[in-house]
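The values are calculated or read from the model by the stated rules, or taken from the named source; none is laboratory data. If you're wondering where the values come from, they're calculated on a predicted model, not measured in any experiment. As a convention, Cβ positions derive from the backbone with ideal geometry for all residues, glycine included, and neighbour counts pool all protein chains shown. Just so you know, the surface numbers come from the protein's heavy atoms only, side chains and all, with ligands and any DNA or RNA stripped out. Shrake-Rupley method; radii C 1.70, N 1.55, O 1.52, S 1.80 Å.
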Amino acid sequence: MKNMKLNLEKMIKLRGLPIVLAATVMATGLTGCGKKAECNVEGSHAHLYTNEQNFIRYIDKEYLSYEGYERQDDYITLSKEEAELRKFEDKKGLLRIDENIDVIKALQEQNHDYIEYRYAYTYLMPIPHYIRTGKTSSVYFTYIPTTHHSWTTNPEHSRLTGEQRRCHHVYQAYNVVKDENGKYVLVPSEYVDNIFDLNGEYTYIKEKFCKVIDAEYGYDLDYEDGVEDDPDLIQEDEVTEENEVTQTSNQSRNNIEEQKRLTKILT
């Protein structure tokens, strides 16, 4: 931050910009917030903000847009304690469950278990070989076919290993309590099959309150050497074929260069 301030002051002197204007620009850029809205509400209050997923938050801000949320006309008044709690919620990115029940239910209802299939693909691992002759150094590569694995939802994939797993969604909520010093702290719940099974003990979620686990063993999904949405792995057959062509070409070229080099050394 100190270097940034010095660079800014240097720029101001060079360009003759007013210091007040430059400082305003820097402060706006650091907050990452949008344009402020007009507000005639007196006293401590929080405005309603919604995002594209229809999540809602009441935030003590006056920005038209804030961290992916758009300001609405609705607002609530806040006591001093409520204002402190809403500030903590904003800092931790918390959403109140009781304000987002319908959205949470809809998201959970669309998350069905699904099957993933393990498959193999070939990767040509380059092995460098370094050669030094006098003051001259050179390098050439040979390629070793290596088998890797990942998972796909496509049951017709051409290189399936026969292994499969059922993928299951689980959810996490949070509670906010005060510690011995009177400060708010966040307490996470265990992952559960349904947020509403927590019976109100945990009253908050975050936007990403869901993860997918292996239904049989309960551990987080591991994609081993790749992920399904990697374009190279989706077109794995083509990638393998291209690698084989590259390998043949490189080996042929390297063999020719190696023969030339050895001939030169021997003669």
Pairs only if they're at least six apart or on different chains, beta carbon under 8 angstrom, first in segment 122-136 and farther than 21 Å from Glu224 by Cβ, second exposed (fewer than 11 other Cβ atoms within 10 Å of the Cβ); list them, first residue then second.
-> Ile127/Ile144; Pro128/Val139; His129/Val139; Tyr130/Ser137; Tyr130/Val139; Ile131/Ser137; Ile131/Val139; Thr133/Ile265
What single numbered condition from (1) surrounded by fewer than 18 Cβ atoms within 10 Å (Cβ to Cβ); (2) more than 26 Å from the chain's Cα centre (by Cα); (3) without any contact (Cβ under 8 Å) to a residue 60 or more places away in the chain fails to hold for Ser65?
-> (2)
Taking segment 125-157 and keeping only residues that are within 25 Å of Tyr114 (Cβ to Cβ) and open to solvent by less than 80 Å² (accessible area, probe 1.4 Å), one is left with His148, His149, Ser150, Trp151, Thr152, Thr153, Asn154, Pro155, His157
Can you confirm whether segment 88-111 contains a residue that is open to solvent by 60 Å² or more (accessible area, probe 1.4 Å) and not in a helix (DSSP H, G or I)?
-> no
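Yes/no matrix, rows are residues, columns are (1) within 31 Å of the chain's Cα centre (by Cα); (2) at pLDDT below 90:
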residue	(1), (2)
Arg15	no, yes
Ile19	no, yes
Thr28	yes, yes
Gly43	no, yes
Leu48	yes, no
Asn51	yes, no
Glu70	yes, no
Arg86	yes, no
Search result, residues across segment 162-184 that are exposed (fewer than 12 other Cβ atoms within 10 Å of the Cβ) and either under 17 Å from Gln108 (Cβ atoms) or touching a strand residue (DSSP E or B) at 6+ places or on another chain (Cβ under 9 Å) (or both) | Gly162, Glu163, Val177, Lys178, Asp179
So is Leu78 without any contact (Cβ under 8 Å) to a residue 40 or more places away in the chain and open to solvent by less than 60 Å² (accessible area, probe 1.4 Å) or not?
-> yes
Output the number of the condition that Asn175 fails; it satisfies all remaining conditions of (1) over 26 Å from the mean Cα position of the chain (by Cα); (2) at pLDDT 95 or above.
-> (1)
Select, from Asn199, Asn181, Asn194, Asn254, the only residue that is over 30 Å from His157 (Cβ atoms) and modelled with pLDDT of 95 or more.
-> Asn194
Out of Ile115, Ile101, which single residue is modelled with pLDDT of 95 or more and touching a Lys or Arg at 6+ places or on another chain (Cβ under 7 Å)?
-> Ile115
